[in-house]
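The values are calculated or read from the model by the stated rules, or taken from the named source; none is laboratory data. All values derive from a computational prediction rather than experimental measurement. Positions of Cβ are backbone-derived with ideal geometry, glycine not excepted, and every protein chain shown enters the neighbour counts.
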Amino acid sequence: MNSIKSFPIETFDALVIGAGGAGMRASLQLIEDGHKVAMISKVFPTRSHTVAAQGGINAALGNVTPDKWEWHMYDTIKGSDFLGDQDAIEFMCQEASEIVRELEHFGVPFSRLDNGKIYQRAFGGQSQNYGEEQAHRTCAAADRTGHAILHSLYQQNLRLGTTFYDEYYAVDLLKNQEGEINGVLVMNIHDGAYKILQSPHTLLATGGAGQVFRNNTNASINTGDGLGMVLRAGYPLQDMEFWQFHPTGVSGKGMLISEAVRGEGGKLRNALGEAFMEKYAPKVKDLASRDVVARAIAIEVNEGRGCGPNNDYVLLDISHLPDEVITERLPGIRDISQTFLGIDPVKDPIHVFPTCHYMMGGIPTNIAGQVISPDQNGHQQVVKGLYAIGECACVSVHGANRLGGNSLLDIVVFGRKAALTIHEALVESNTQTGSPLNLEPVKNRLTRWQKKNDPSAEKPDSVTQVKKDLQLVMERGCGVFRDEPTMQKALIELDDIQARLEKVCLTDFSNVFNLERLAAYELENLVAIAYATTRSALARTESRGAHTRVDYTERDDIEWLKHTLYFQENHQLEFKPVNLTPKHHKSIEPKPRVY
Amino acid sequence: MKFIISRYNPETDQAPYDQTFDLDNALLAADSMLLDALHLLREQDPSLGYRSSCQEGVCGSDGMNVNGKNRLSCVTSLSELGQTVTLKPLPSLPIIKDLIIDMELFYKQYKDVNPFLEAEPLDLEHEHLQSPEDRSKLDGAYECIMCGCCSTSCPSFWWNPDQFAGPAALLAAKRFVVDSRDIKHIDRLKELDSPTKTFRCRHIQNCTDACPKGLNPSRAIQELKSIMVKDL
């Protein structure tokens, strides 16, 4: 074990934690503005999970159908089931066209139309003129848009010479004597050595936490590390009851089958061969919002119209599409189907079922990317020195349900914006604070994981086993459909998981690439997030977006048009109003959501 | 199933050695992938070192040598491998631990080909136009996931990983050489026209055989040579 008594210190103007699209867009901006930045990532940058995004990025370019940012804004607010903050959504949609063109300038190999402009496909929940005809708003690089964007952003960072700390794990935020965030403790995964990276500006871009559920589309690295750090630092998480179950994951395995498949004309069918989305969304059918489609599939299966020997999936059929649409626009999907299902979608339908995909909630921030937390009087105050962007943040542009194509947009828009906010702060004052860092909490945490199993213990518990059991508890207790009894049961089971987490010991105490220790740190984050999710979901006695309560089936705007804030201390909940006042556009009034 | 896995922990071992693991077939499904088996083996021995992340063949973390061939464990079906599977780290780069290699030289070669678009500056009101035909020239070149399976299967890279760009870096180089938006076409070709860049390739084609994404770096390098002949 490397020393945990004292740590070497390096100082930077700003730290960016996480090298996905959000973090790399931010670091690019900060380097361009001349600042000394450390980019910290627990994996080599192009392994970050942005790489797996498939379908595309939304912007009202109007290359295929007429479009306006105002329509994009309307669709996003409606898609969010009116929980999204309208000022933030307005900002994101206004920025979208410019930010996508900028990505094109960075080299992203977008697919092209005959006139040479960026190809745009139809995606769920997109309309022209505030709810009329289907829009084509999703800019795509075949079905590998995330890969194309992530690699291009990495390449641009190489061009500018960004300082990367690859395979460094951020363990915890560090506060100075004034209680301000002033850096982070990191572990070099290669040799297990710890180091303090000190800075007046720490930007979290650590991505999602889909590993909290058993069946998910997420990479194994998506363990919500930034969220765990924020909870331990005493700040809240927002809207953690809202998890997107993507309608079309590979059945029983979870790999993502992009919404682009339906955007290009794919149809969902049940065991009777019925194109069942006609029943649930008569107007837009298979291109309804993701929460709507996921629920429809779950209902079809629950009512016995699922396919296969266990009647537990539905079919996604693209065999009627011309072969060149599949080979040119959906090559990655074809690849995944062949590899994991042994099915060629040119001929046979893909077996799909909803799978945990995206976390709408996260670390509460304002539009500038600054983390905010309520003071004792309930007023939202900026947390000095701390910023969050992308999936780990909740700004909130996705509300209760994210539209496909809006997450890639979210990461680059707020990646750039947060960097500009930090730049302005650095221009105003660039002095390292002198007051010492409080290292006690993190030292206690590191010490805890040095504990060894009692050699007489019969069959000791393991980090892996606790994680597996946690994932099962969450899948059963907080899945697509929820009610009070199942969630209460999940809470009791979580208490058991928490007790096991406190007792479990490592078996490997080596320093070089100790993945068991890494998994233990990650597990602490996952358990904290599971509590945030279950507590928030139990409190919200309504159905809204992806949060579907069997015992409270209606949306309740009088009681629940508000954001949930969860604090780790005593599992306390607070609430704050939804922003309904965009700066330029008139407010979009909540109304029944029909597709 | 039996797994013979190359183990090495620099803190305790002088040199890598093989360790044999048995895995109960009942734990595996007909369509299990090699990565699923590795996860189960790590439950037996939590110190077993290998990288993995996306588990679906797009992040490029889990390149390893499987029964003598470089592959990604997450998209390698166990059913193809027989009852005994021999796993080694990707060859030719330093081993950090077990199946985890130090890819620094591989990344350095990538960086050295200037793998970023240099286009005519343009205001943010406009996108560079590119015809579908020009865009299609990037197909087969931009999809690389930098797993390293190709370069670490290349004998020319084995001899000189510090000098020879290797197939992955040359594939990236070609992606920018053929991008109609790029304005450094000739400069790029001049840089690549060197004995250690393009011309260290002997057209052995191990790279193409190894690529888990079905790309063809060998052909890309030959195309680079043709472009040089025509444009330089």
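Of the residues in segment A:550-569, at least one is surrounded by fewer than 20 Cβ atoms within 10 Å (Cβ to Cβ) and polar (S, T, N, Q). One residue alone among A:Tyr531, A:Tyr552 is out of contact with any Lys or Arg (no Cβ under 7 Å at 6 or more places or on another chain) and not in a loop (DSSP other than H, G, I, E, B), and that residue is A:Tyr531. When segment B:129-148 is filtered for residues that are surrounded by fewer than 15 Cβ atoms within 10 Å (Cβ to Cβ), assigned to a helix (DSSP H, G or I) and either within 7 Å of another protein chain (Cβ to nearest Cβ) or not acidic (Asp, Glu) (or both), the ones remaining, listed by number, are B:Pro132, B:Ser136.
Restricting segment A:493-524 to residues that are in a loop (DSSP other than H, G, I, E, B) and more than 8 Å from chain B (Cβ to nearest Cβ) leaves a set whose member that is surrounded by the most Cβ atoms within 10 Å (Cβ to Cβ) is A:Val504. Filtered by the rule that a residue be within 22 Å of A:Ser258 (Cβ to Cβ) and either without any contact (Cβ under 8 Å) to a residue 40 or more places away in the chain or buried (at least 24 other Cβ atoms within 10 Å of the Cβ) (or both), segment A:123-140 gives A:Phe123, A:Gly124, A:Gly125, A:Gln126, A:Ala135, A:Arg137, A:Thr138, A:Cys139, A:Ala140.
From the list A:Val480, A:Val473, A:Val466, which one is modelled with pLDDT under 95, touching a helix residue (DSSP H, G or I) at 6+ places or on another chain (Cβ under 9 Å) and either away from chain B (no Cβ under 14 Å) or more than 26 Å from A:Glu574 (Cβ to Cβ) (or both)? Write out each step before concluding.
Numbers: A:Val473 fails: modelled with pLDDT under 95; A:Val466 fails: modelled with pLDDT under 95.
Answer to the selection: A:Val480.
Can you tell me which of A:Tyr165, A:Tyr154 is of a type in the set (Phe, Trp, Tyr), within 14 Å of another protein chain (Cβ to nearest Cβ) and more than 26 Å from A:Gly404 (Cα to Cα)? Steps first, please.
Details: A:Tyr154 fails: more than 26 Å from A:Gly404 (Cα to Cα).
A:Tyr165 is the lone residue from the list that is of a type in the set (Phe, Trp, Tyr), within 14 Å of another protein chain (Cβ to nearest Cβ) and more than 26 Å from A:Gly404 (Cα to Cα).
Inclusion of A:Thr76 among residues that are within 24 Å of A:Ser587 (Cβ to Cβ), outside any loop (DSSP other than H, G, I, E, B), in contact (Cβ under 8 Å) with a residue 60 or more places away in the chain and assigned by TED's automatic domain parsing to the domain that holds A:Phe513 is warranted. Of the residues in segment B:19-39, at least one is aromatic (Phe, Trp, Tyr) and either on the phi > 0 side of the Ramachandran plot or more than 17 Å from the chain's Cα centre (by Cα) (or both).
The condition of being over 24 Å from the mean Cα position of the chain (by Cα) and at pLDDT below 95 holds for only one of A:Val512, A:Val504, A:Val594, that being A:Val594. Considering only residues of segment A:45-60 that are hydrophobic (A, V, I, L, M, F, W, C) and either in a strand (DSSP E or B) or more than 8 Å from chain B (Cβ to nearest Cβ) (or both), which is surrounded by the most Cβ atoms within 10 Å (Cβ to Cβ)? Step by step, filter segment A:45-60, then rank; the result is A:Ile57. Of all residues in segment B:169-180, none that is assigned by TED's automatic domain parsing to the domain that holds B:Ile145 and over 15 Å from B:Gln109 (Cβ atoms) has its Cβ atom under 6 Å from the Cβ atom of a residue that is at pLDDT below 95 and part of a loop (DSSP other than H, G, I, E, B), 6 or more apart or on another chain. Contact map, segment B:100-127: first residue within 7 Å of chain A (Cβ to nearest Cβ), second residue of a type in the set (Asp, Glu) and outside any loop (DSSP other than H, G, I, E, B), Cβ cut-off under 8 Å, separation 6 or more or different chains; pairs are B:Leu117/B:Asp182; B:Ala119/B:Asp182; B:Leu124/A:Glu98; B:Leu124/A:Glu102; B:Glu127/A:Glu104. The number of residues in segment B:47-89 that are assigned to a loop (DSSP other than H, G, I, E, B) and within 14 Å of chain A (Cβ to nearest Cβ) comes to 18.
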